[in-house]
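Asker: The structure under discussion is supplied below as structure tokens; questions concerning it will follow.
The values are calculated or read from the model by the stated rules, or taken from the named source; none is laboratory data. Here the structure is a predicted model, which means the values were calculated and not measured. Glycine also receives a Cβ, built like all others from the backbone with ideal geometry; neighbour counts cover every protein chain displayed. Just the protein is used for accessible areas: all its heavy atoms, side chains included, with ligands, DNA and RNA removed. Shrake-Rupley method; radii C 1.70, N 1.55, O 1.52, S 1.80 Å.
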Amino acid sequence: MVVCRIVATVLSSQDGVYIALFKPLRVSRHQFKKVLNCMKIVRPLKYQEIYVQEKITKVDSLSLVLSGKLVVSQNQKALHIVFPHQFLDSPEWFGVSTDDFFQVSIMAMEESRVLIWHRDKLKLSIIAEPFLQAVFDHILGRDVVKKLMQVTQVSETMAQSNGCIASGYGDDSEDKPMLVMKSKASDNGGHGLTALINRQLQDENVPLLPIASLYSGNALLEKVYHK
């Protein structure tokens, strides 16, 4: 009975992924099944379990959150929250080989489940189908933009709440912190990053900033994920 419930839960989750992400793009059930055939595992994560460790874990999978919430951080600084039907490693899909290491860490904020694909197997599977390639590029590209906007919102919210100014993303700021404190006296304790992360944990529909230009987005992506 337990096995039957687990199988039913997995199948239900997969159907939810199809309806939310692939069906709107007119991907057939047959095409979606081909994509699922490249799946490695559905991995459960416990509260505060580390899924990716910065500069240690290799980029060899494509991971989609089925349930729960995870936080992405870099140098012990939280960047954004990943919610169900969002990818954990969409930025690495573009131009990062499986021999490279993640430049961020990812930790479960609550009990979660993650659908994991063999990345190379998936890419080889869709390489002969331009339509499916376009679908994945679209879904993952949109996911990356959402992450970039969340990173920007975290930075700007901290700046407004704690009297900080955002440091630049140019070459001269490579070793600088994401934010520079104006004054310690202006730190309100309960505001800034902690408050924003808590809001995101409570509501996955926290408004994002307007879409930035492609140039700015690419620059930020390079800074945050390919440092």
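Asker: Restricting the first residue to region 44-69 and requiring it to be on the phi > 0 side of the Ramachandran plot, which pairs with a second residue that is of a type in the set (K, R) and open to solvent by less than 60 Å² (accessible area, probe 1.4 Å) meet a Cβ separation below 9 Å and a spacing of at least six or different chains?
Answerer: G68/R113
Asker: Pick from R113, R142: which is open to solvent by 40 Å² or more (accessible area, probe 1.4 Å), touching a residue at least 12 places away in the same chain (Cβ under 8 Å) and outside any loop (DSSP other than H, G, I, E, B)?
Answerer: R113
Asker: For region 116-130, give me the residue count where each residue is under 24 Å from P24 (Cβ atoms), in a helix (DSSP H, G or I) and in contact (Cβ under 8 Å) with a residue 24 or more places away in the chain.
Answerer: Total meeting the criteria: 4.
Asker: Next up: Checking D89 against (1) without any contact (Cβ under 8 Å) to a residue 60 or more places away in the chain; (2) over 10 Å from the mean Cα position of the chain (by Cα); (3) under 17 Å from K121 (Cβ atoms), which test does it fail?
Answerer: The failed condition is (2).
Asker: Across region 6-21, what is the number of residues that are at pLDDT 90 or above, of a type in the set (V, I, T) and exposed (fewer than 13 other Cβ atoms within 10 Å of the Cβ)?
Answerer: Number of matching residues: 1.
Asker: Does V52 satisfy the condition of being of a type in the set (V, I, T) and at pLDDT 95 or above?
Answerer: Taking the combined requirement at face value, the residue satisfies it.
Asker: Considering S97, S63, which residue is polar (S, T, N, Q) and at pLDDT 95 or above?
Answerer: Testing whether each residue is polar (S, T, N, Q) and at pLDDT 95 or above leaves just S63.
Asker: Here's something else I'd like to know. Working only within region 53-91, note down all residues that are among the small types (G, A, S) and under 22 Å from M149 (Cβ atoms).
Answerer: S63, G68, S73, A78, S90
Asker: Hey, F32 hits all of (1) in contact with a Phe, Trp or Tyr (Cβ under 6 Å, 6 or more places away or on another chain); (2) open to solvent by 30 Å² or more (accessible area, probe 1.4 Å); (3) in a helix (DSSP H, G or I); (4) not acidic (D, E) but one; which does it fall short on?
Answerer: Going through the list (1) in contact with a Phe, Trp or Tyr (Cβ under 6 Å, 6 or more places away or on another chain); (2) open to solvent by 30 Å² or more (accessible area, probe 1.4 Å); (3) in a helix (DSSP H, G or I); (4) not acidic (D, E), F32 breaks only (2).
Asker: Could you list, in sequence order, the residues of region 43-66 that are surrounded by fewer than 17 Cβ atoms within 10 Å (Cβ to Cβ) and either of a type in the set (F, W, Y) or assigned to a strand (DSSP E or B) (or both)?
Answerer: R43, P44, Y47, I50, K58
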